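One structure is given here, and the rest of the page talks about it.
Please treat every number below as a calculation from the coordinates, not as lab data. Given the structure is predicted, the values throughout are model-derived calculations rather than measurements. For neighbour counting, all protein chains shown are included, and Cβ atoms are generated from backbone atoms with ideal geometry for every residue, glycine included.
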């Protein structure tokens, strides 16, 4: 699962909440793996939290 900020961020990337990480080869995206999602005690809550956090980081960075 990934969230792509657009336009692409310039400079240092903001920290993502764990277990998320940035993918930067070929495209820029905040990524969480299927393995990480399956490891959540509450998968729905964990995934929605990751998506919400990634969107908030992108909004803040892009000034939206």
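Values computed for the structure shown
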{"quantity": "Largest-first principal axis extents, alpha carbons of the chain, Å", "calculated": "34, 25, 15"}
{"quantity": "MRE, 222 nm, helices only [DSSP H, n ≥ 4, -39500 (n - 2.57), over the chain, to nearest 500]", "calculated": "-13000 deg cm²/dmol"}
{"quantity": "Sequence-separation-based contact order of the chain, relative, with Cα cut under 8 Å and 6+ spacing, percent", "calculated": "37 percent"}
{"quantity": "Label point distance in nm, residue 24-residue 49, each placed 7 Å from Cα along Cα→Cβ", "calculated": "2.7 nm"}
